[in-house]
There are 2 protein chains.
Amino acid sequence: MEQKINPSLANWLKILGEPNRLLLLNQIIEGICCNCELGESLSLSPNLISHHMSVLNESGIVKAERDKDDARWIHYSIDIDVMKEVNTLFNAFFDEGRIQPNKSECGPRKS
Amino acid sequence: MEQKINPSLANWLKILGEPNRLLLLNQIIEGICCNCELGESLSLSPNLISHHMSVLNESGIVKAERDKDDARWIHYSIDIDVMKEVNTLFNAFFDEGRIQPNKSECGPRKS
DNA sequence: CATATAATTCAACCATCATTGAACTATTAT
DNA sequence: ATAATAGTTCAATGATGGTTGAATTATATG
């Protein structure tokens, strides 16, 4: 298992911008937590799911832990603190209050 | 100029997840509006800027219009309504209130 | 008309990365 | 020990898309 990185906003958007990965994340948000169910509802192969889940896991937004009774199964869950961090980064950038009017230096010098 | 598309959330994240494109969008948010200034501050070639700007423009988040006095220049600005739409889409998906606890069907059947 | 400037378009190249199938690891069950 | 199950890792493939340089369009100027 690789080390956790602290992604920038652009990194986050790239990680989350992959359609299948966003669908997987949505499933986990909705309470689905093991690979078998993730796979059958999206009809993705196990190794592909494993790949996308490792990306989500390494980004930090998804936590993974093995089942107590049967360690073959893995349970996924959202790391709420990381999700809040993503929300903060996004909303800080896409804040409508940040939008500035066009600066006068733009274009040909009006004379 | 191509037609405007109405991107899904995954599309938006992919469009905005390109580092140079996000930097360009940031410049426009901060009031920079013509290619010359966008290029010199990020040291990107004109054709590359044109490419990224066309992606932003076709997505609808950036508006482009030619200068009244010298139509060779193009002025870019943010479409606030579209930006609000992006914010709405994002915050609807990444709403912490949506997070469900793990469903009991997950993993091996506890017996 | 000819030249210069701002920007776009085009073709090619290249890197990234999602996808696939097979091999492999780990755990559980018989 | 053997087989079965859940999941990962590996190598290879293929598609997407960012980047580059040259050619092209559009507008403005002498």
For chain A, whose charge dipole is built from +1 on Lys and Arg Cβ atoms and -1 on Asp and Glu Cβ atoms, the candidate among A:Ser77, A:Leu56, A:Asn35 with its Cα farthest towards the positive end is A:Leu56
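Output the relative contact order of chain A, whole-number percent, from Cα pairs under 8 angstrom with separation of 6+ residues. Working shown, then result.
Values: 88 pairs, mean separation 28.6, N = 111.
Relative contact order comes out at 26 percent.
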Taking every other residue with Cβ under 13 Å from the Cβ of A:Pro46 and scoring Lys and Arg +1, Asp and Glu -1, one gets -1
Mean shadow area (nm²) of the C-alpha convex hull around the stretch A:9-83 is 4.9 nm²
Expected vector for the stretch B:90-103, Karplus 3J(HN,Hα) from phi with 6.51, -1.76, 1.60 and θ = phi - 60°, integer Hz, x for Gly and Pro, equals 4, 5, 5, 6, 8, 8, 4, x, 6, 5, 9, x, 4, 6
For chain A, the longest principal axis of the Cα atoms and the Cα long axis of helix A:19-29 enclose an angle in degrees, to the nearest 10, of 70 degrees
Per DSSP loop assignment and a cutoff of at most 15 other beta carbons within 10 Å, chain A keeps its longest run without exposed trypsin sites (Lys or Arg not before Pro) at A:5-67
Under 20 Å by backbone N from the virtual spin label 7 Å along Cα-to-Cβ at B:Asn102, the residues of the stretch A:79-96 are A:79-83
Place a point 7 Å from the Cα of A:Asn20 in the direction of its beta carbon; the residues of the stretch A:31-61 whose amide N falls under 16 Å from it are A:35-57
Straight-line reach check, B:Lys14, cutoff 20 Å on alpha carbons, 8 or more apart in-chain or any other chain, hits among aspartates and glutamates -> A:Glu18, A:Glu58, A:Glu85, A:Asp95, B:Glu2, B:Glu58, B:Asp79, B:Asp81, B:Glu85, B:Asp95
Magnitude of the Cβ-charge dipole (Lys and Arg +1, Asp and Glu -1) of chain A about the Cα centre, nearest 20 debye, reported as 720 debye
Summed over the other residues with a beta carbon less than 11 angstrom from that of B:Leu13, with K and R at +1 and D and E at -1, the charge totals +1
Here the longest stretch of chain B that holds no GluC sites (Glu not before Pro) in a DSSP loop having at most 14 other beta carbon atoms within 10 Å is B:31-104
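Enter the mean number of other protein chain beta carbons within 10 Å of the beta carbon of each residue in B:8-18, as an integer.
Details: counts 2, 5, 8, 2, 3, 11, 7, 2, 9, 10, 4.
Taking all residues of B:8-18 together, the mean is 6.
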Taking the label point 7 Å from Cα along the Cα-Cβ vector, the copy-to-copy distances for A:Ser54, listed from shortest in nm with one decimal, are 3.7
With a 1.4 Å probe and ligands and nucleic acids left out, the total accessible area lost when A pairs with B, in Å² to the nearest 100, equals 4200 Å²
Output row for B:Glu40: copy-to-copy label distances, label 7 Å along Cα→C-beta, ascending, in nanometres, one decimal, is 6.3
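What is the dipole size for the protein assembly as shown, taken about its Cα centre, with +1 at each Lys and Arg Cβ and -1 at each Asp and Glu Cβ, in debye to the nearest 20? Don't skip to the end; give the middle numbers.
Details: 24 positive and 32 negative charges, 18 e Å.
Magnitude of the dipole: close to 80 debye.
The values are calculated or read from the model by the stated rules, or taken from the named source; none is laboratory data. Worth saying up front: this structure is predicted, and the values here are computed from it rather than measured. Reconstructed Cβ throughout: ideal geometry from the backbone, glycine too, with neighbour counts over all protein chains shown. For accessibility, only protein heavy atoms count, side chains too; no ligands or nucleic acids. Shrake-Rupley method; radii C 1.70, N 1.55, O 1.52, S 1.80 Å.
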